[in-house]
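Input: a single structure, listed below in structure tokens.
The values are calculated or read from the model by the stated rules, or taken from the named source; none is laboratory data. Bear in mind that the values here come from a model prediction, so they are computed numbers and not experimental data. Don't worry about glycine lacking a Cβ; one is built from the backbone with ideal geometry, like all the others, and counts go over all protein chains shown.
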Amino acid sequence: MVIPHRPGRLLVGLIASGLVACAALPARAQPAAPAVTPPSVVTHVDAVYPPSALADRKHGDVVLAVTVDADGHVSRVTVLESGGADLDEAATVAARQWTFVPAMKGGKAVASRIRVPFHFAPPAPPPELVAPPAPKEAELPSRPAVPQAPAPASAPPPPPAPTPAAVEAGAPEEVNVHGRSAVPSVGASDFNLHVGELARVPHQNASDLLKLAPGILLTNEGGEGHAEQVFLRGFDAREGQDLEFTVGGVPINESGNLHGNGYADTHFIIPELVHRLRVVEGPFDPRQGNYAVAGSADYELGLDKRGLTAKYTAGSFNTQRMLVMWGPPGESEHTFAAAEAYSTSGFGQNRDARRGSAYAQYEGALGTGSYRVTGQVYTTDYHSAGVLREDDVASGAKGFYDTYDPAQGGDSFRASVAADLEKKTGSTTLGQQLFVIKRTMRLREDFTGYLLDVQQPWQTPHGQRGDLLDLDVDELTVGARGFSRLSGKALGQTQQLELGYFARYDQVGGSQQRLSPTTLDAYHTDTSLQSNLGDVGLYGAADLKATDWLALRGGVRADVFAYDVNNLCAYQTIDTPSKTSPPLDASCMSQVDTGKYVDPNKRADTASTAVLPKAALLLGPFANVTFSLSYGQGVRSIDPIYITQDVATPFAGIQAYEGGASYAGPVGPVTLVARSVFFDTHVDRDYIFDQTVGRNVIGVGTSRVGWVGAVRATGDWFDESANVTFVKSTYDDTHLLVPYVPDVVVRSDTAVFHDLPWRAGGSPLVGALAAGVTYVGQRPLPFGALSSTIFTIDANASVAWTHYEVGLMVTNLLDARYPLSEFNYVSSFNASGPGAPSGPPSYVPGRLFTAGAPRGVFANFTVNFGGA
Amino acid sequence: MVRAVSRGEGAALLAALLLAPACTGTTGYALVSFYASARGASDAVKGQPYTFSSGSARVTLTRAVLHVGALYLTQAVPTSGGGPAPCTLPGTYDGVFVGEVRGGGDVDLLDPSPQGLTVTGDGSTLPAATGQVWLMHGDVDAPSDPLPVLTLEGSVTSGGRTQTFAGSITIDSGRQPAPTNTSLPGSSPICTLRIVSGIPAHLTLAQGGTLVLRLDPRALFNDVPLVDLPACPGGQPAALCFTNDESNQSSRNLFQNLTAAGPLYRFDWVAPAP
């Protein structure tokens, strides 16, 4: 039997708080078989804040021991920690009305006893003002919801789904459930997104889930194995260079990646494993470090569905995907293993791809805390179509989905292991994490055709040999992070102080050559670097509350960036070569003027420090409403290629200001979270795309102002997330618009799900419909031009019955033929194919684009065994 | 009198405030398309011989055709000294070239009327400083281009004697000088001979306008005495023939006049009709 999934209730609990780390763990790290699965809440009733306590605006915590019988009913409630008679009574009355899926042991339902904390507070600061408590031993993960007067008291979210039931008589099992603390919100731009039912909306990959946060546009000119380019709030974050990506705290940004310092490829993340996503749109959290210029995104992985789940997808473009996921019954949702295999021929020309990814994580209890061990391997090989000139498509020389250069594409590998633990001792919570990442990638891209091969005097005479860039990166990252958070009472409020650190070392090799597209021979080396990079950051963060409706959060972070770069191709030009031994066509020369010998490499080392203050003031004078003012400075370290010996490492700094208001609370049966944010950001050295090197290069300062509105409404049968962002991004020197960043982005994700009026074999059929709608306004392009708008709809329909689910997914439902990326720059391709250019080259800017995918139809079948 | 703002007005005002920042501004300048044409001597009459003085001689052209491969406008300002400029300018593409006509055709230098080139032009509204005329068929870097870029037929009268002449000027591999420095074998690529650069062109393109290349055939004959030309090979109607080498002053100077940014070339801009 499948226990009915109640995501709506889950979301009520989670979204209303916006702060919860809802990890829940089984009793022991290495449980002696059979393990005990904790009971999970089916029905919970909020405690009512007792009117008798209202006069004194009394705060209190009550901890109950709740015995859940094998039928899932509460059979006994005792007070473990009293908050006073009236609060004890209110909590007990509420708890007695709860129902559970009973605890499971050896596949059978058993009685169990759990600790349930209730927190009572007078009206009515909104959830964002309340710091999440550190987990206590032997209690359900707690969230700090605050009751209204008279209103419900805290309602702990349900623990993970249980295993199928059977009944066994006996004494109750003592079930220890451990949670992990979450960091407090830093304002209205702190989006703690539980994917939940919105996982039903078609998402091609983990990056796609970013769209749940406002203002994000994803494009990709590099193919399925190439990281998505992210536009966010007026930033062209390229492939993550302006957005700090982490997964479970492990960094994804690749320091020293030659394609872009901070390049972040999230394709190794299996999207079905993304349980929660925290997106902070701005540098407002002291825990944010390098690359958090436009903001940060942290993926939290988990697997709700226990047991073995197999999913097969097949559809358009000869696409096939097989996914196997295993969530061991009796373990927490953070214990899982999953593997996927994917292949596609791709739409149009030269878009085939193959991908494999495996991910495993184990979470165990460790005294009063928990630990996690994570391993991951990912590999892909793909081709990409690259850009097309609009005039060639208009003339019929090229089709909309064609390519100029079939040699474009690449491969990518990533393997990582990580281990972390979090533990509470007294009033102090400690966290530590270690990670090791090995990553390689090769990328072949051609942005310009036949332009860059300038005849240099020392070279033998040649024509244009082609601009196919062949980039190779090989990286090893080792790092750690940790924190210590001290909680205490002052002014009648819980105050918190956190000290933490982050450290990473990167050993990176990178080279970029130019290839002849016909022979794939490398004829020139543009860059060859070996880099040792260090980043050590320290921060102090405070969460101070003067009253229950006023909080000041913030701190200071300092990062030291150190570089040791060996440029293996330091000498590439020469005025007067040796007459007896000229360099001719060598890229990396071993002589300088008049033929004087020099080794072709040159080292440089340097370092510098960035100090980043951040602060957020949160006010909640009205029930469920929070006003916030936030300020923060962020930093992006510079590409190793730009450093000079003993010159302080330059870095890009950002200053960000914003004011916002948010509402989080019930509206009838619906849980509503709504936000409105005005923001103003300034970057002193922004990146500007340079097609001649295939990446962004450092430019001048930019500023942006804008507004974000976001709503998420969750009910028992639906989940809706919608957001809109307006932004104007300009250069500081000319006040002209920054090209390529969209000024309007609208996104809606909708899922509706309900039991259908039919049953089969006594079990209900559950139907679901989901859609993701994207609108992107015209993006400014260089030379006063505007791009086309984008409007796409992706949809999914599914029917589930017992262990099985079938679905039909349609991407680009309207089959819109649209350019996903558009550019105005100089290019000169030979539309008739690779080889020598024909006719005069083009030297003035023209419109180029990468095609968005046409309609795709995909069927999927999912089966789950041994879970719930 | 002050009145309350209605809910609808308030919503409209809010929407306007929100949309205003997003809908204004530009990235600067613009991309344009324009027409391109070429004209021969302004005082010539189409179909009629064209006679002019060149030094002490009178030259009459009965045929003068220049093959234009492409036209470009740039922001580059001519500089004196230094080595030869590369055919393409590394790393400075955006903004350096502000206009291009990627095709041309044969231009009758004895026809003063506009002769449309085979393609329209593309460019930007960045101001131009100089122009380039590319004299080639096909790839500007190709070692071999045996087709003539200039065809001449006419006669010269000097010292009371009139002689016919003809020329089919090519820019083939034979023109390429051997590098004077063996350590710089690429210092004189063939493309530098085929690209006439540094032609003054102080103009700003606009959508729908016309770029006019004015060609004055008289300038071809500066310091070209003609009488030193060798006799044509047998079978040719003309008496004297230009050669595609530097064996005589007339051929050498004609080629120099052809490939220099001299009075032979002039760019004009005809603004679009309002």
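General remarks:
- Candidates A:V611, A:V647 - the one that is within 26 Å of A:R557 (Cβ to Cβ) and not in a strand (DSSP E or B): A:V647
- Test: A:V560 is in contact with a Phe, Trp or Tyr (Cβ under 8 Å, 6 or more places away or on another chain) and of a type in the set (A, V, I, L, M, F, W, C): no
- Only listed residue being of a type in the set (S, T, N, Q), away from chain B (no Cβ under 14 Å) and either buried (at least 20 other Cβ atoms within 10 Å of the Cβ) or under 22 Å from the mean Cα position of the chain (by Cα) (or both), chosen from A:T448, A:T379, A:T425: A:T379
- The stretch A:186-238: number of residues that are part of a loop (DSSP other than H, G, I, E, B) and under 18 Å from A:A385 (Cα atoms): 9
- Residue in the stretch A:753-770 that is surrounded by 22 or more Cβ atoms within 10 Å (Cβ to Cβ) and within 29 Å of A:F861 (Cβ to Cβ) present: yes
- Failed condition for B:V45, given (1) under 22 Å from B:I190 (Cα atoms); (2) modelled with pLDDT of 95 or more; (3) of a type in the set (A, V, I, L, M): (1)
- Single unsatisfied condition, A:G772 versus (1) at pLDDT 95 or above; (2) more than 24 Å from the chain's Cα centre (by Cα); (3) not aromatic (F, W, Y): (2)
- Per the listing B:V133, B:V140, the residue uniquely outside any strand (DSSP E or B) and within 25 Å of B:D268 (Cα to Cα) is B:V140.
- Among the conditions (1) modelled with pLDDT of 95 or more; (2) in contact with a Gly (Cβ under 6 Å, 6 or more places away or on another chain); (3) not β-branched (V, I, T), the only one that A:K305 does not satisfy is (1).
- Any hit, the stretch A:451-460, residues being of a type outside the set (S, T, N, Q), assigned to a strand (DSSP E or B) and either touching a residue at least 12 places away in the same chain (Cβ under 8 Å) or away from chain B (no Cβ under 14 Å) (or both): no
- Yes/no for A:V697 being within 11 Å of chain B (Cβ to nearest Cβ) and modelled with pLDDT of 90 or more: no
- Of the residues contained in the stretch A:851-863, none is found to be without any contact (Cβ under 8 Å) to a residue 40 or more places away in the chain and more than 10 Å from every other protein chain (Cβ to nearest Cβ).
- Out of A:T789, A:T862, one residue alone is over 25 Å from A:T730 (Cα atoms), in contact with a strand residue (DSSP E or B) (Cβ under 7 Å, 6 or more places away or on another chain) and of a type outside the set (A, V, I, L, M, F, W, C). It is A:T862.
- From the list A:R9, A:R76, A:R113, the one residue that fits, being modelled with pLDDT under 70, of a type in the set (K, R) and surrounded by fewer than 21 Cβ atoms within 10 Å (Cβ to Cβ), is A:R9.
- Every residue from the stretch A:743-768 that is among the aliphatic types (A, V, I, L, M) and either within 14 Å of chain B (Cβ to nearest Cβ) or in contact (Cβ under 8 Å) with a residue 60 or more places away in the chain (or both): A:V744, A:V745, A:V746, A:A751, A:A768
- Residue within the stretch B:249-256 that is of a type in the set (A, V, I, L, M), crowded, with 17+ Cβ neighbours inside 10 Å, in contact (Cβ under 8 Å) with a residue 12 or more places away in the chain and part of a loop (DSSP other than H, G, I, E, B) present: no
- Top-ranked residue in the stretch A:461-481 [being small (G, A, S) and more than 10 Å from every other protein chain (Cβ to nearest Cβ); ranked as farthest from A:S511 (Cα to Cα)]: A:A480
- Considering the stretch B:161-190, the residues that are touching a residue at least 40 places away in the same chain (Cβ under 8 Å) and within 12 Å of chain A (Cβ to nearest Cβ) include one that is farthest from B:V68 (Cα to Cα), namely B:S187.
- Boolean, B:F242 is within 24 Å of B:I199 (Cα to Cα) and hydrophobic (A, V, I, L, M, F, W, C): no
- Answer from A:Y804, A:Y740, A:Y843 - the residue that is in contact with a strand residue (DSSP E or B) (Cβ under 7 Å, 6 or more places away or on another chain), away from chain B (no Cβ under 14 Å) and of a type outside the set (K, R): A:Y804
- Unmet criterion (only one of (1) under 30 Å from A:L497 (Cα atoms); (2) surrounded by fewer than 17 Cβ atoms within 10 Å (Cβ to Cβ); (3) free of Cβ contacts under 8 Å to residues at least 40 places away in the same chain) for A:A546: (3)
- Residue check, A:V592 out of contact with any Lys or Arg (no Cβ under 6 Å at 6 or more places or on another chain), more than 14 Å from chain B (Cβ to nearest Cβ) and surrounded by fewer than 17 Cβ atoms within 10 Å (Cβ to Cβ): no
- When A:S185 is tested against (1) in contact with a Gly (Cβ under 8 Å, 6 or more places away or on another chain); (2) among the hydroxyl-bearing types (S, T, Y); (3) at pLDDT below 85, exactly one condition is not met: (3).
- Residue match in the stretch A:553-576 (condition: surrounded by 18 or more Cβ atoms within 10 Å (Cβ to Cβ), in contact with a Gly (Cβ under 7 Å, 6 or more places away or on another chain), not in a strand (DSSP E or B) and not polar (S, T, N, Q)): no
- Any hit, the stretch B:191-207, residues being over 30 Å from B:V32 (Cα atoms) and within 14 Å of chain A (Cβ to nearest Cβ): no
- So A:L529, is it assigned by TED's automatic domain parsing to the domain that holds A:L452, in contact with a Gly (Cβ under 7 Å, 6 or more places away or on another chain) and assigned to a strand (DSSP E or B): yes
- Within the stretch A:256-284, the set of residues being out of contact with any strand residue (DSSP E or B) (no Cβ under 6 Å at 6 or more places or on another chain), part of a loop (DSSP other than H, G, I, E, B) and not β-branched (V, I, T) comprises A:N261, A:G262, A:D265, A:H267.
- Residues of the stretch A:741-756 satisfying the condition of being assigned to a strand (DSSP E or B) and over 15 Å from A:S798 (Cα atoms): A:V744, A:V745, A:V746, A:R747, A:S748, A:D749
- Among the residues examined, B:P233 qualifies as surrounded by fewer than 15 Cβ atoms within 10 Å (Cβ to Cβ) and away from every other protein chain (no Cβ under 11 Å).
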